[in-house]
Amino acid sequence: MEWSAEGIVLAAKPLGEGGVILDALTREHGRHLGLVRGASSRRLAGALEPGNLVKLTWRARLADQLGSYAVEPAQARAAALFHDRMKLSALASLTAIASATLHEREAHPRVFEALDHLLRDAVSAEALIVAAAAVSFELILLEDLGFGLDLSECAATGATEDLRFVSPKSARAVSEGAGAPYREKLLRLPQFLVDHEQGGDWRDIADGLTLTGFFLERQVLLPQQKALPLSRARFVELVAGRVE
């Protein structure tokens, strides 16, 4: 068995003498693991950092085996973000969330494209824009996993304007008027998630992370007896610091 594809590095766990188990997200083959030998070599130094784009060739005798990867560096994105703590934290959060939520060998081309686009543009974009894109990515991830939020109209009135909340029970939007009496029980809906032409501030980013984190944890991770990754918690703390 053999295939070749571009992949985004999600994680690399040491194994034995100089080897790692590479966890990568590909467009055609989804999240896929494989053994990389000689990962500490000069050629691969820094190439297996989360967020980097690499060219992969996977080989195995049988389809259900772990198999091995031959790796060629393509784009060293992690190093390009090293100077910006917020961007680097967003990258760590995104790759960890993708690794924790996506099932192995299950293709999610939309998720791949969204993450690839985000990481490619992160170098030149402002930190606030990157953080907002991270929230939007988590919404795409939820939708692709079958747990999409319905932000098209108010669950109570059918109104399509002034949507300010999301019901934690139905995952549907709620308008300001309908939700005001229950605002303490509802999740805040940042407007940049409804109107893509509208920018958000750091408070909006924090509200967005609370929103997506709630459904990622309840719908995706808890059924698998998993928790939100620590790198995402650190990203949330960093955003909260900007709010304060």
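The values are calculated or read from the model by the stated rules, or taken from the named source; none is laboratory data. Computed from a predicted structure; not experimentally measured. Note that we place each Cβ from the backbone using ideal geometry, even for glycine, and neighbour counts take in every protein chain shown. Only protein heavy atoms, including side chains, enter the accessible area calculation; ligands, DNA and RNA are left aside. Shrake-Rupley method; radii C 1.70, N 1.55, O 1.52, S 1.80 Å.
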Inset, instruction - Rounded, prolate or oblate: pick one for segment 1-73, where a ≥ b ≥ c are the square roots of the eigenvalues of its C-alpha gyration tensor, a/c under 1.5 means rounded, and failing that, prolate if a/b is larger than b/c, else oblate. - result: oblate
Inset, instruction - Note the angle between two axes, namely the Cα long axis of helix 202-215 and the longest principal axis of the Cα atoms of the chain, as a number of degrees from 0 to 90, rounded to the nearest 10. - result: 70 degrees
Inset, instruction - Among the trypsin sites (Lys or Arg not before Pro) in segment 1-84, which ones are in a DSSP loop with at most 12 other Cβ atoms within 10 Å of the Cβ? Mind listing them? - result: ARG42, ARG43, ARG61
Inset, instruction - Using only Cα atoms, find the angle between the long axis of helix 85-101 and the longest principal axis of the chain, and express it within 0 to 90 degrees, rounded to the nearest 10. - result: 80 degrees
Inset, instruction - Give the residues of segment 102-123 whose amide nitrogen is closer than 12 Å to a point set 7 Å from the Cα of LEU62 in the direction of its Cβ. - result: none
Inset, instruction - Quote the charge dipole size of segment 127-226 about the Cα centre in Debye, to the nearest 20; the model charges only the Cβ of Lys and Arg (+1) and of Asp and Glu (-1). - result: 500 debye
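Considering only DSSP beta bridges where both residues belong to the chain, give the percentage that are antiparallel (nearest 5). Before the final figure, lay out each step's value.
Details: 34 of 37 bridges.
Antiparallel bridges make up about 90 percent of those DSSP assigns within the chain.
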Inset, instruction - Compute the longest continuous run of the chain that contains no exposed chymotrypsin sites (Phe, Trp or Tyr not before Pro); treat a site as exposed when its DSSP state is not H, G, I, E or B and it has at most 16 other Cβ atoms within 10 Å. - result: 148-244
Inset, instruction - Compute the signed sum of charges (Lys and Arg +1, Asp and Glu -1) over the other residues within less than 12 Å, Cβ to Cβ, of ASP162. - result: -3
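Under 12 Å from the Cβ of PHE214, count the other residues' Cβ atoms, weight Lys and Arg +1, Asp and Glu -1, and hand me the total. Provide the component values of the computation, followed by the final result.
Working: positive: LYS169, ARG188, ARG218; negative: GLU138, ASP207, GLU217.
Overall, the nearby charge balance is 0.
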Legend entry - Rounded if a/c under 1.5, otherwise prolate or oblate - segment 71-196, Cα gyration tensor axes: prolate
Inset, instruction - Could you size up the charge dipole of the chain around its Cα centre, putting +1 on the beta carbon of Lys and Arg and -1 on that of Asp and Glu, and report it in debye to the nearest 20? - result: 900 debye
Inset, instruction - Using the heavy atoms of the protein chains and a 1.4 angstrom probe, tell me the accessible area per residue for the chain in square angstrom. - result: 50 Å²
Inset, instruction - Add +1 for every Lys or Arg and -1 for every Asp or Glu among the other residues with Cβ under 10 Å from the Cβ of ARG110, and state the total. - result: -2
Legend entry - Acute angle (nearest 10 degrees) that the helix 230-243 long axis makes with the longest principal axis of the chain, alpha-carbon atoms: 40 degrees
Legend entry - Set of aspartates and glutamates with alpha-carbon distance to LYS55 below 20 Å, sequence-local pairs under 8 removed: GLU2, GLU6, ASP23, GLU28, GLU72, GLU104, GLU106, GLU113, ASP116, ASP121
Inset, instruction - Can you work out the PRE-style zone for ALA233? Point 7 Å along Cα to Cβ, and I want the residues of segment 101-136 with backbone N under 19 Å. - result: 101
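Using the beta-carbon distance between SER152 and ALA125 and R0 = 45 Å, what value does 1/(1 + (r/R0)^6) give for FRET efficiency, to the nearest 0.05? Present the calculation step by step, with values, prior to reporting the outcome.
Details: r = 27 Å, r/R0 = 0.61.
The computed FRET efficiency comes out at 0.95.
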Inset, instruction - With springs only between Cα atoms under 10 Å apart, run a GNM on the chain and tell me which of GLY30, GLY18, GLY208 wobbles the most. - result: GLY18
Inset, instruction - Could you pull out every one of the lysines with an alpha carbon less than 21 Å from that of LYS185, ignoring same-chain neighbours closer than 8 positions? - result: LYS169
Inset, instruction - Taking only Cα atoms and a 10 Å spring cutoff, compute GNM fluctuations for the chain and point out the largest among GLY34, GLY19, GLY213. - result: GLY19
